[in-house]
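The values are calculated or read from the model by the stated rules, or taken from the named source; none is laboratory data. Keep in mind the model is a prediction, meaning the values are calculated, not measured. Cβ: placed from backbone, ideal geometry, glycine included. Neighbour counts: every protein chain shown. Each accessible area value is taken on the protein alone, full model and side chains, heavy atoms only, with ligands, DNA and RNA left out. Shrake-Rupley method; radii C 1.70, N 1.55, O 1.52, S 1.80 Å.
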Amino acid sequence: MFGICNLAIVPLRLEANDRSEMTSQVLFGEHFKVLEQNKKWSRIALAYDNYTGWIDNKQYRTISEAHYNHLSTAPDVLNADLIEYVTTPSNQLLPIPIGASLSFLDHSEINIENFTFEGLRTTGITGKQNLLRTAFMYLNAPYLWGGKTPFGIDCSGFTQMVYKLNGYKLLRDASQQAKQGEALSFIEESEPGDLAFFDNKDGEIIHVGIIMDDNYIIHGHGKVRIDRLDHLGIYNAEQRRHTHKLRVIKKII
């Protein structure tokens, strides 16, 4: 069984319960496999990153395996503005966030609601130089565990969405992203757009941010913010202390 998200933002939960932790979100147009299902909930695996969790059965619609496979091989077409709208034939508006998938809209057999979209789209690889321009669009977005939008986002959701909007694939969690790319030995070897990862006292990767020019970093901590980066980690000038301990810098692109 296969499905597609036909709502703006749907919570992806750890367990089949409305009170369960939200581990991620499913954005409009994202498609997935349904791994198991009960009366109210479905456990799914997102096609984009194979991330799994539970969503409410009322918050998606089913598609065929053929349509799933088609969307999985089609180029990503994404909403490129902070917020836009898709329109129904009766002129009802559905707001969708930046990064929502529009790939299915041109296929009438999948787009059975007849949504139309007239906003700004992005598709394909735009180049590493555009990563920070995209990252700044999320500046001051509040931190939200499991979030993937400017209305609430976590550190790895932020990096994943920035890279996705520029045509590059990252996995969902910071610990997963840290296994991608090529490790650099020194901050001086890094370029704007590279990723810096940070660990806790047990050596577990718990945080990630995007490196900027002149030893700055943009990352999600309370909100998407800009701080100093040095060989020890992230230095928060407001708190006058290091808030995160640097573990590794990765060149993904």
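In summary, the aspartates and glutamates within cross-link reach of Lys179, defined as a Cα separation below 17 angstrom excluding same-chain residues under 8 places away, comprise Asp49, Asp194, Asp199, Glu204.
Helix 155-164 and the longest principal axis of the C-alpha atoms of the chain enclose an angle of approximately 70°.
Taking the Cα centre of region 43-180 as origin and assigning +1 to Lys and Arg Cβ atoms and -1 to Asp and Glu Cβ atoms, the resulting dipole is close to 460 debye.
If we count every other residue with Cβ under 14 angstrom of Ala74's Cβ, Lys/Arg +1 and Asp/Glu -1, where does the sum land? Its environment carries a net charge of -3. Lys58: which lysines have alpha carbons under 20 Å from its alpha carbon, excluding same-chain residues fewer than 8 sequence positions away? List returned: Lys33, Lys39, Lys40. Charge tally around Pro192: other residues with Cβ under 10 Å, Lys/Arg +1 each, Asp/Glu -1 each, net -3. Taking only alpha carbon atoms, region 41-160 gives an Rg to Rh ratio of 0.95, where Rh is the Kirkwood radius.
About its Cα centre, what dipole magnitude does region 181-253 give when the only charges are +1 on Lys and Arg Cβ and -1 on Asp and Glu Cβ, stated in debye to the nearest 20? Computed charge dipole of region 181-253: roughly 380 debye. When the helices of the chain are scored as -39500 (n - 2.57) per DSSP H run of n ≥ 4 and the total is divided over every residue, the value at 222 nm lands at -3000 deg cm²/dmol. From the Kirkwood radius over Cα pairs of region 95-174, Stokes-Einstein at 20 °C and 1.002 mPa s returns a whole-number translational diffusion coefficient of 156 µm²/s. The shape of the chain can be summarised by an equivalent ellipsoid whose semi-axes, obtained from the alpha carbon gyration tensor, come to 33, 20, 16 Å from longest to shortest. Which distance in Å, rounded to a whole number, links the C-alpha centroids of region 12-27 and region 193-253? Each part reduced to its Cα centre gives a spacing of 27 Å. Rounded to the nearest 20, the Cβ-based charge dipole of the chain about its Cα centre (Lys and Arg +1, Asp and Glu -1) stands at 460 debye. Here the chain has 50 percent of its accessible surface on carbon and sulfur atoms, given a 1.4 Å probe and all protein chains in place. Derived value for region 26-105: Kirkwood hydrodynamic radius 13.7 Å. Basis is the mean of 1/r over every pair of different alpha-carbon atoms.
At the residue level, Lys169 shows approximately 110 square angstrom of accessible surface with a 1.4 angstrom probe and all protein chains present. Projecting each Cα onto the charge dipole of region 1-115 (Lys/Arg +1, Asp/Glu -1 at the beta carbon, about the Cα centre), which of Gln59, Pro89, Val77 comes out farthest on the positive side? My answer, from the dipole projection, is Gln59. In the context of the full protein assembly, Cys155 retains an accessible surface of approximately 10 Å², using a probe radius of 1.4 Å and ignoring ligands and nucleic acids. Taking 0.36 nm per residue of sequence separation and removing the Cα-Cα distance, the Glu65/Met1 pair yields an extension gain of 22.3 nm. Between Asp213 and Asp106, the simple spin-label model (points 7 angstrom out along Cα→Cβ) gives 3.6 nm. Please tell me which of these pairs span more than 19 angstrom C-alpha to C-alpha: Lys164/Lys245; Lys201/Lys245; Lys128/Lys245; Lys128/Lys169; Lys148/Lys169? From Lys164/Lys245; Lys201/Lys245; Lys128/Lys245; Lys128/Lys169; Lys148/Lys169, over 19 Å: Lys164/Lys245; Lys128/Lys245.
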